[in-house]
Structures are given as structure tokens and as C-alpha cells.
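The structure appears below as C-alpha cells.
All of the numbers you see were taken from the coordinates with simple rules; none came from a lab. Worth saying up front: this structure is predicted, and the values here are computed from it rather than measured. Counting neighbours? That spans all protein chains shown, and the Cβs are built from the backbone with ideal geometry, glycine included.
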Amino acid sequence: MPDPIALVPLPRSVIWSEGVWETSAPWDGLSVGLTEDLPRTEYALSISPQGASLTAGSEAALADGRNTFAQIVTGAGGAIPCVTISDYPQYAWRGMHLDVSRHFRTVSEVETLIDAMALHRLNVLHLHLTDDQGWRVEIKGYPKLTEVGGRRGQTLVGHMSGDAETWEFDGTPHGGFYTQEELRGLVEYARRRGIMIVPEIDLPGHMQAAVAAYPNLGNFPEQQVGVREVWGISDHVLGVSDEVFDFLRDVLTQVAAIFPAPYVHIGGDECPHVEWERSAEARTRMNEWGLTRVSEIQGRFTRFAADVLAGADKRIIAWDEVLESHLPDDTVIMNWRHANGLKTATARGFQTIIATHEHTYFDQYQADPKQEPLAIGGLTTVEDVYTATLTPPKLTDEQTSLLIGVQGQLWSEYTPTAAQVEYMAFPRMCALAERAWGSPAQSWEEFEERLRGHLPRLDAFGIRYRPLD
Ligand code: ACM
């Protein structure tokens, strides 16, 4: 029979049958239980005229099953079609990243994204909490991080192109931050929906907001910089004094305590060396540390962060630039630059997450830029996400087994409102979820038709999206 209901991601095995379950309270009629008869990642869901039953090999798989059930009952009215589903994911890490630094999102807006992720059986929210344009997490003992670093006076309008004298600013302050209590609440909200929140403290670059708050954290404490009001990469990176490392220990220790996830993301991307080149202190420290090149200083930060976090039983995750230095064996690489990085990282034995900008950066245009709201550039259509070759050729089985996940990225330079974030996220996130889940492969046309059937569900959840062409 034709599928009466469009499911995204498509479960591994779905067998629809005749008959309906007549109910006005499907959640009350769902029986739920853990079982040792299923592998930990697997769930089995069956709906018959008599009722619905969900069993799973773990709490995580139970959450996946509940989220599939949610898709089936949303919009089914009082007559739910009968079905037998057996299902498990390909990747353990099915992530979405959200940049709350460039534009702050309220707790309730983040909760809406979490709800939408759960609906698609995504299970990791990577919160990019700090960057040059705003520090968004309360750190006890450093009130200026959020008082000063959490607010910028104005924001560049449009792209950062041409001479600085030609740039236009909106003249409107932008700010916001989360208290530790709010973040703990968000962690619990996500956990109940099967989602782990992984925080990112981007270091040692992308730190201008922190340096604006505490100039001693920079390379030239006598110089007062502001929170960055334009995009691009800032030269104002962390300095190398003991005070800076004490600061990092405090920040990472507190962040590790807020988020129970076994990982903390430490950034590591795009760290210019120009200030270290010019700083006498950085050169002195380099010699003390036995380094020969300024570029090696970043490795000291990575190792320091890894040591602090290991003390809190956490592993580091970092963007692929960190491959340029020696790393703890249990580092997880988040590969955003070239797909070849997946090969390099796994050849060195690191667990790796596919976050390649070519296919997973949802700040790129999703259709003809002439007809779309301003975006960073590039073009990644929903079809691209669905059909992309995500892994490079000629990986060994060992390397393939080290690819633990797929993640979409929502950088927020050009998305000042939650509505704009959702527009950029959907429906590309639906296609990404399908890839991360490892749903049975279909043609683009088949997926597009299923997606068309799925989009009214986003309407029902109040989620905005770019309509299909
Ligand atoms: C990145 O896009 N800089 C990770």
C-alpha cells in the first residue's frame, strides 16, 4: 500500500498495514518499555487497531522511537494508520550547531530548535557560546565577560566588503547571555527529548569579546579593544600569560560542570598569529616552552584545555585546524574545511565528525542569491544536502568506523531573528537528519515527495522554512 504518512528521516524498516487505531489520546495509549532483546541503538514501534507499543534497547533508542511516534500521530487526527517499524541510526552523533554569539537566541527560541531537532531524531546540539562578537555564558568570578563581552554597540549592515570607511552600521546595540541556571535548565529540557548539549568555548582565537571585557587576557593589555561589530576573523587572540591560563582553567571547569556531556568543544579554528608575532611576551614564552615557531603556541592552548577537561572526565572536540599540533588520542575532530580532512583525521586514529562546509553550512544560500535573503555566500540546496557525497573515497574500514557523526552548522552573522535561523535551517536540516540517520537511500525525487508530505508537520510545530520550489 502507498505510505499513508511521510516520515523524515525514513526509518530502516516501515511496514504499513490495513486498519487504523482509533484514539484521541495516542500518547496515553502508547506502551513503552526497555528490552534486552534489542541492541542498544535499536527501537521497535508497532501500531495496531488495539493500540501502540514501543520497545527499545536503551533510553536513547526509546527517545528515537518516541520521536518517530510523534511524527506519526501529529496530524493523523483520531485515526492512526497501523504500522510496524524497526529502526536504528547509522551515526551516534547526529548534530546541529547553533551560533548564539553573532546573534543571541533566547532560551525559548533554543528550546524550539531542540523540539525540531528531536522531531528529526537528531541527538546533539552544539552551542557555539563565545566568539569575537559576543560572550554568552555566565562565568562566576568574571562578571565583565557578560556585562561587557556580552554586548556590542552596533552591528555591520550587509557583507564586510570594500574599504572600512564604506561600511554601514545599524546603530543598534545587540546583547544577551545565559546564566548557568538557565543553561542547566536547557540541558534538562534537551535531555528529556533525547538530545545532548555540547558547549563550545572557542579558543585561543575568536576571543575578542573576552579580551574586550578583560584586556589582560589579550596580548597587549594596554590596548582596549571593543566587542567586535563586524564579521571576519579577529587578530585579537588570547595572550600567553599565567593569568590567561588561570582564566581558561576557571572557564572550562565551570562549563564542564554545567553541561553533563562527556565532551567540551574548544574551537581551535581560525587563530591568526600576528599578535603573537609582535608580542615580546609570546616570544619569551615560546622559548621557555621550547617551541621554534609562533604557530606552535596554539598547540599549548589545546593541550592545556585538554588537560583541564580530562580532570573533569571530559574529552575535547575541536575544529580540524587543531590537527596541526600534537593531540590527546581521545580528541574528536570536527572537520569543517576540506573533506580530505576526514581522511587525515581518521588516518591519525581520531574519531571525527563530518561538518564539511561544502554540504553542512546552513548559513550559505539555499537557492538563487538574487531571490534569497542576504547570506554569507556559497550555495547549498536541500538537494545538495540530500545527495552529497559526505565521505572522501578510499577510506579503510578502520577509518570509516572512526566517522562518528554528521552535523549541520547554523552560523548566525546574517540571521538576527529566530525566524531567519529557522528559514536557513529548514528544510535542509530535514535532509541532514536523513543522512545522519542513514535512512535507506532514495532518489532525490522520492525524497522530495516525502519531504513535501513532511513540511505540514513543521507548520503544525510552528517552524518556519524555505518552501520547496
Ligand atoms: C568555522 O567555520 N570557522 C569553524
| What does a probe at ALA419 reach in segment 361-383, counting residues whose amide N is under 14 Å from the point 7 Å along Cα→Cβ? | 373
| According to the Cα gyration tensor, what semi-axes, each the square root of 5 times an eigenvalue, does the equivalent ellipsoid of the chain have, listed from largest to smallest in whole Å? | 41, 24, 21
| What ranking, highest mean first, results for peptides 175-182, 317-324, 58-65 when packing means the other Cβ atoms within 10 Å averaged over each residue? | 317-324, 58-65, 175-182
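What is the fewest-to-most order of GLU200, GLU138 by other Cβ atoms lying within 10 Å of their Cβ?
Working: GLU200 29, GLU138 19.
By the 10 Å Cβ count, ascending: GLU138, GLU200.
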| note | Over all Cα pairs of segment 1-159, the Kirkwood radius sets Rh, and Rg/Rh then becomes 1.14
| field | Taking LEU34, LEU7 and counting other C-beta atoms within 10 Å, the order from fewest to most | value | LEU34, LEU7
| task | Rounded to the nearest 0.05, what FRET efficiency do ASP235 and SER31 give with R0 = 41 Å and r taken as the Cβ-Cβ distance? Could you check? | result | 0.10
| Mean separation of Cα contacts under 8 Å, 6 or more apart, over the residue count of segment 327-469: relative contact order % | 23
| message | Quick check on segment 421-467: what are the equivalent-ellipsoid semi-axes from the Cα gyration tensor, as sqrt(5λ), descending, whole Å? | response | 19, 12, 9
| message | Can you bin every Cα-Cα distance in segment 71-225 into 10 Å intervals starting at zero and give me the percent of pairs per bin, rounded to whole numbers? | response | 10, 30, 29, 17, 9, 4, 1, 0
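What's the magnitude of the charge dipole for segment 109-152 around its Cα centre, counting Lys and Arg as +1 and Asp and Glu as -1 at the beta-carbon? Answer in Debye, nearest 20. Walk me through the numbers on the way to the answer.
Values: 6 positive and 7 negative charges, 31 e Å.
That gives a dipole near 140 debye.
Take the Cα radius of gyration of segment 230-283 and divide it by 2.2 N^0.38 Å, with N its residue count; two decimals is plenty. The partial results should precede the final answer.
On the way: Rg = 13.9 Å, N = 54, 2.2 N^0.38 = 10.0 Å.
That works out to 1.39 for segment 230-283.
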| field | Positive-pole candidate from TRP93, HIS126, ALA56, dipole of segment 52-157, charges at beta carbon | value | HIS126
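Within the chain, which DSSP H helices have Cα atoms that stretch 15 Å or more along the helix axis and a mean Kyte-Doolittle hydropathy of at least 0.5?
On the way: long enough: 59-73 (21 Å, 0.19); 107-119 (18 Å, 1.08); 180-191 (16 Å, -0.93); 242-258 (24 Å, 0.66); 297-311 (22 Å, 0.40); 444-460 (24 Å, -1.24).
Span-like helices, by this rule, are 107-119, 242-258.
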| field | nm² value of the averaged projected area, convex hull over the Cα atoms of segment 367-469 | value | 7.8
| query | If you take every DSSP beta bridge whose two residues both sit in the chain, what share of them, in percent to the nearest 5, is antiparallel? | reply | 40
| query | With r defined as the distance between the Cβ atoms of MET160 and GLN371 and R0 fixed at 25 Å, what FRET efficiency is calculated, to the nearest 0.05? | reply | 0.65
| request: Give me the lysines in straight-line cross-link reach of LYS394: C-alpha distance below 17 Å, same-chain residues under 8 apart excluded. | output: LYS343
| request: Mind checking the full-extension length gain between HIS338 and ARG249? Use 0.36 nm per residue of separation minus the Cα-Cα distance, one decimal, nm. | output: 28.9 nm
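Going by how many other Cβ atoms sit within 10 Å of their own, how do TRP276, TRP231 line up, fewest first?
Working: TRP276 26, TRP231 17.
Listed from fewest to most nearby Cβ atoms, that is TRP231, TRP276.
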| message | Rounded to two decimals, what is the ratio between the C-alpha radius of gyration of segment 355-424 and 2.2 N^0.38 Å? | response | 1.30
| request: Set the Förster distance to 22 Å, then compute FRET efficiency between THR84 and ARG40 from the Cβ-Cβ distance, nearest 0.05. | output: 0.60
| Dipole magnitude (debye, nearest 20) for the chain, charges at Cβ of Lys, Arg, Asp, Glu | 520
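Between GLU181 and ASP459, what length comes free when the chain is fully extended (0.36 nm per residue of separation minus the Cα-Cα distance, one decimal in nm)?
Details: separation 278, 0.36 × 278 = 100.08 nm, distance 3.13 nm.
Using 0.36 nm per residue and subtracting the Cα-Cα distance, I get 97.0 nm.
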| Size descriptor, Kirkwood hydrodynamic radius, that averages inverse alpha-carbon separations across segment 27-82, Å | 11.4
